[in-house]
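Written below as structure tokens is the structure these notes are about.
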Amino acid sequence: MAATRPNRFPGFDAASQWRHWDAATAGAVMKRLGPPPPFRYFTPDEQSTAVALCDRLLDLEPDCPVNVVAMIDSRLAEAETDGWRYEDMPEDGRAWSVSLAGLKSDAVDRFQIPFAELDPPSQNSIIGAVRKLGSEAWHGLPPDHVWSLWTRYACTAFYGHPFGWNEIGFPGPAYPSGYKNLGLDAREPREKADEGGA
Amino acid sequence: MSGVRDRNASAWLLPNDGTRTNHRLRRDMRRFEDSDEVDAVVVGCGAGGSVMLQRLARRGWHVVGFDAGPFWDPDTDWVSDEAGSHHLYWTEPRVISGSDPVPMGSNNSGRGVGGSMVHFAGYAPRFHPSDFRTLSQDGVGADWPIRYEALRPYYTEIEQELPVAGDFWPWGDPHPYPHRPHRVSGNGEVFLRGAEKMGITAKVGPVAIPNGRFGNRPHCIYRGFCLQGCKVNAKASPLITHVPDALAHGAEIRADCMVTRVEVDEHTGLATGVHYIKDGRRRFQRARIVIVAGYSIETPRLLLNSASKRFPEGLCNDFDQVGRYLMVQGAPQTAGRFDEEVRMYKAPPPEVMSEDFYETDPGKPYRRGFAIQTVSPLPITWAEHVAAQGHWGADLRERMSDYVHWACLGALCEFLPSAENRVTLSRETDRNGLPVADFSYSQTDNDKMLMKAARGVMEEILHAAGAADVITIGRYAHLVGGARMAADERHGVVDSDCRTFAVRNLYIADGSVLPTQGSANPALTIMAVAARAADRLTG
Ligand SMILES: Cc1cc2nc3c(=O)[nH]c(=O)nc-3n(C[C@H](O)[C@H](O)[C@H](O)COP(=O)(O)OP(=O)(O)OC[C@H]3O[C@@H](n4cnc5c(N)ncnc54)[C@H](O)[C@@H]3O)c2cc1C
Ligand code: SF4
């Protein structure tokens, strides 16, 4: 049900520049284009809820090459957190598990079907309700901190991937080439003008 | 600049063959035994610690610097990529609390030789003379036990050693910089244009990125990844500005060693060395003097974790001062949309700055002020901005695709020190079984007024520059304080020479000692304070 989006940077492909990147960076980035590591943190049940959640949070198209949930799973398995947590939240992995269980139970309460099986508009209404709760606790968690957790992990996965960069005109790594043309409306040959903006 | 090389040859000790690390210097580094009583150990090789180490080594002292993190090699360890740079941060657990908890995110402190400056943005302004006496002048905050004049020569020294590039600086104590200002990108152009329209003075710099080659450090290539570590060796960090010279003068750096406790002899009341963990083994390094420089969270945590019979509430904590008066700056960021392509990811994020609003304005209901600077979030951080406006789903994707049209400014608001903003020990422990830090923060009304005022000015500047839409996100930056400098032990932890009141041979030489923070980015001041403390220590 993902909307068809206008392509504002037709022909722009950040990863096509990989030969111009240093080895350490190329390794880190190109790995994201390959198969994700096996799931280690989420249970299959959590995985199904997380996939549906991230599909809605980022409006992912069915053939989207970014495996957002696999990337979140590997961060949680490796405890690669942001290095802090809110006092009123459990550590990140547990917070994901608890909040995914919360979505599942909300879905069962309201629609008598698991979250992952719901149609996208119903999933959106459940997610949107969490966002609008304000300071009211949701399954024992503060909803604004849950929202921050979800969006931080989901956006890091999606906008850390060349597919996400192509859509926003960001060329990705720039070492050792750097940039020569600075200033408003100045572009390098490898940057493409926005054809759908202004 | 030959004067710099004579007193700190770091930039000339780096390779000039396109690689970034002098491996021979590290391999041939002097190594001490745990049983050697070295002249000093320094805990933490960041902004303050590395300057200390280099200064003491230059004076012929036998010194060992410990760092919990790795001895970085920019070629192999750092990437020109946002998501791949997590390992630069201190990702051991920390808890945040209070009425305005401070999420750290990629704003988190660093872990590894070079400290947080490895991924700092690079702004290097001085504090203003007024920052040293906000209590007597404005009736808020605290007075330092030293005046600005005591730091002036050290500011000049460090500005030459980093070195700093920028326009002549008209604010505070007016002064020039050793390097000419850099050219600016779209984001800087927007700021300059908007400021000019409004009659606000804005200047290019000051940034710790030389404009030109410096020693064997190449010119900046304007690739915009300063907050991910500079793979070019252009942006300053102690890893390249102070550590090489320290090693060349016989200092040892023990990386991947977490110091767990400072030992104090019950009878003499003197520090005798530090306990640390290397490869899972507990060890003890003897030392004549102990200098702690682990950042405003880890320094108080280490003191609190070093409780003993003599110091039941934590080392140097007889008067309940350790961990208190921790400060962050309110750092709201306001972005504006332009028809032109701004492409703010190009060039170093720190470009242009204004200190027109730094001092107390008697016409305003709040005391002290704020600075305004360019900041240039990369896509992941930018997504946080957009998501914070409540956008998600298709809406988020669509707004994100507009990235190249946005320019972004950030303010640094001087939040006032408060005893209640502090580090304590949490019940949670790290993998070594040590209690982690709980960092509690609450804002005052003055703080909130400053945030609002700064936001208003940033919106006006962006509108004046031609922005149609503006959005703002609340943020924080730059932790300092937590073991502050004061006139006596009832008001702080260290004296004006960074020596702890409680233990005669224990010093603190990092951002923890700052009693106020001004609206300036703190690294230059931290280094200047450490350089002065080293001078006082060695006489
Ligand atoms: C994203 C970001 C951007 C920034 N931008 C700017 C800027 O533009 N300008 C500016 O002036 N400042 C900036 N700062 C802040 C600046 O980097 C810090 O204020 C400064 O580096 C702090 O210096 P420090 O000596 O107190 O600690 P650090 O430089 O953080 O050094 C502390 C070191 O101690 C080590 N350590 C801690 N505990 C232990 C232990 N128990 N055992 C062994 N080692 C230990 C750590 O691993 C670390 O390497 C920025 C910071 C961040 C995070
Ligand atoms: S923009 Fe310049 S200073 Fe910043 S990381 Fe890149 S090369 Fe280094």
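Looking only at the stretch B:8-18, which residues are part of a loop (DSSP other than H, G, I, E, B) and either more than 14 Å from chain A (Cβ to nearest Cβ) or more than 16 Å from ligand 2 (Cβ to nearest atom) (or both)?
So in the stretch B:8-18, the residues part of a loop (DSSP other than H, G, I, E, B) come out as B:8-9, B:13-18.
Of everything in the stretch B:8-18, those that are part of a loop (DSSP other than H, G, I, E, B) and either more than 14 Å from chain A (Cβ to nearest Cβ) or more than 16 Å from ligand 2 (Cβ to nearest atom) (or both) turn out to be B:8, B:9, B:13, B:14, B:15, B:16, B:17.
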Taking the condition of a type in the set (S, T, N, Q) and surrounded by 13 or more Cβ atoms within 10 Å (Cβ to Cβ), does residue A:43 pass?
-> no
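So in the stretch B:19-69, with the set limited to residues that are away from ligand 2 (no atom under 16 Å from the Cβ) and among the β-branched types (Val, Ile, Thr), which one is farthest from the chain's Cα centre (by Cα)? Walk me through how you get there before you give the answer.
Initial filter on the stretch B:19-69 (away from ligand 2 (no atom under 16 Å from the Cβ)): B:22-69.
Those left that are additionally among the β-branched types (Val, Ile, Thr): B:38, B:41-43, B:51, B:63-64.
Values: B:38: 28, B:41: 21, B:42: 17, B:43: 16, B:51: 13, B:63: 23, B:64: 22 Å.
Looking at residues that are away from ligand 2 (no atom under 16 Å from the Cβ) and among the β-branched types (Val, Ile, Thr), I get B:38.
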Collect the residues in the stretch B:198-222 that are open to solvent by less than 10 Å² (accessible area, probe 1.4 Å) and within 11 Å of ligand 2 (Cβ to nearest atom), keeping them in residue-number order.
-> B:207, B:208, B:209, B:210, B:217
Picked from the stretch B:388-401 (must be over 21 Å from residue B:374 (Cβ atoms) and outside any helix (DSSP H, G or I)), the residue most open to solvent (accessible area, probe 1.4 Å) is B:392
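Here's the yes/no breakdown for (1) closer than 30 Å to residue A:166 by Cβ; (2) surrounded by fewer than 20 Cβ atoms within 10 Å (Cβ to Cβ); (3) modelled with pLDDT under 95:
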position	(1), (2), (3)
B:403	yes, no, no
B:407	yes, no, no
B:410	yes, no, no
B:444	no, yes, yes
B:449	no, yes, no
B:477	no, no, yes
B:491	no, yes, no
Total residues in the stretch B:417-452, condition hydroxyl-bearing (Ser, Thr, Tyr) and under 17 Å from residue B:103 (Cα atoms) | 5
Would a scan of the stretch B:165-182 turn up a residue that is in a loop (DSSP other than H, G, I, E, B), open to solvent by 30 Å² or more (accessible area, probe 1.4 Å), within 14 Å of another protein chain (Cβ to nearest Cβ) and closer than 18 Å to residue B:524 by Cα?
-> yes
In the stretch B:315-365, how many residues are away from chain A (no Cβ under 14 Å), open to solvent by 10 Å² or more (accessible area, probe 1.4 Å) and more than 23 Å from residue B:125 (Cα to Cα)?
-> 11
Per-region count, the stretch B:183-231, residues within 12 Å of chain A (Cβ to nearest Cβ) and out of contact with any strand residue (DSSP E or B) (no Cβ under 8 Å at 6 or more places or on another chain) | 17
Among (1) crowded, with 24+ Cβ neighbours inside 10 Å; (2) within 29 Å of residue B:351 (Cα to Cα); (3) within 13 Å of another protein chain (Cβ to nearest Cβ); (4) not aromatic (Phe, Trp, Tyr), the one test that residue B:461 misses | (3)
Report whether or not residue B:324 is basic (Lys, Arg) and within 15 Å of ligand 1 (Cβ to nearest atom).
-> no
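State the number of residues belonging to the stretch B:517-536 that are among the polar types (S, T, N, Q), touching a Leu at 6+ places or on another chain (Cβ under 8 Å) and more than 15 Å from residue B:238 (Cα to Cα). Before you say what the answer is, go through the steps one by one.
Quick first cut of the stretch B:517-536, residues among the polar types (S, T, N, Q) only: B:517, B:519, B:521, B:525.
Retained after the next criterion (residues that are touching a Leu at 6+ places or on another chain (Cβ under 8 Å)): B:519, B:521, B:525.
Narrowing further to those that are more than 15 Å from residue B:238 (Cα to Cα): B:519, B:521.
Within the stretch B:517-536, residues that are among the polar types (S, T, N, Q), touching a Leu at 6+ places or on another chain (Cβ under 8 Å) and more than 15 Å from residue B:238 (Cα to Cα) number 2.
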How many residues, within the stretch B:402-429, are in a loop (DSSP other than H, G, I, E, B) and more than 11 Å from every other protein chain (Cβ to nearest Cβ)?
-> 8
Failed item in (1) within 14 Å of chain A (Cβ to nearest Cβ); (2) more than 23 Å from residue B:463 (Cβ to Cβ), with residue B:312 passing the rest = (1)
Please enumerate the residues belonging to the stretch B:135-164 that are surrounded by fewer than 16 Cβ atoms within 10 Å (Cβ to Cβ) and not in a helix (DSSP H, G or I).
-> B:139, B:147
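So in the stretch A:152-169, with the set limited to residues that are of a type outside the set (Asp, Glu) and open to solvent by 10 Å² or more (accessible area, probe 1.4 Å), which one is nearest to the other protein chains (Cβ to nearest Cβ)?
A:156
Select from the stretch B:282-331 the residues that are touching a helix residue (DSSP H, G or I) at 6+ places or on another chain (Cβ under 7 Å) and in a helix (DSSP H, G or I) and write down the one among them that is nearest to residue B:46 (Cα to Cα). Can you show your working first?
Narrowing the stretch B:282-331 to residues touching a helix residue (DSSP H, G or I) at 6+ places or on another chain (Cβ under 7 Å): B:291-296, B:299-300, B:314-317, B:322-323, B:326, B:330.
Now drop any that are not in a helix (DSSP H, G or I), which leaves B:295-296, B:299-300.
Numbers: B:295: 8, B:296: 12, B:299: 12, B:300: 16 Å.
Of everything passing the filter in the stretch B:282-331, B:295 is nearest to residue B:46 (Cα to Cα).
The values are calculated or read from the model by the stated rules, or taken from the named source; none is laboratory data. Being a predicted model, the structure only gives us computed values, none of them experimental. Cβ atoms come from the backbone with ideal geometry, glycine included; neighbour counts cover every protein chain shown. Ligands, DNA and RNA are excluded from the accessible area calculation, which covers all protein heavy atoms including side chains. Shrake-Rupley method; radii C 1.70, N 1.55, O 1.52, S 1.80 Å.
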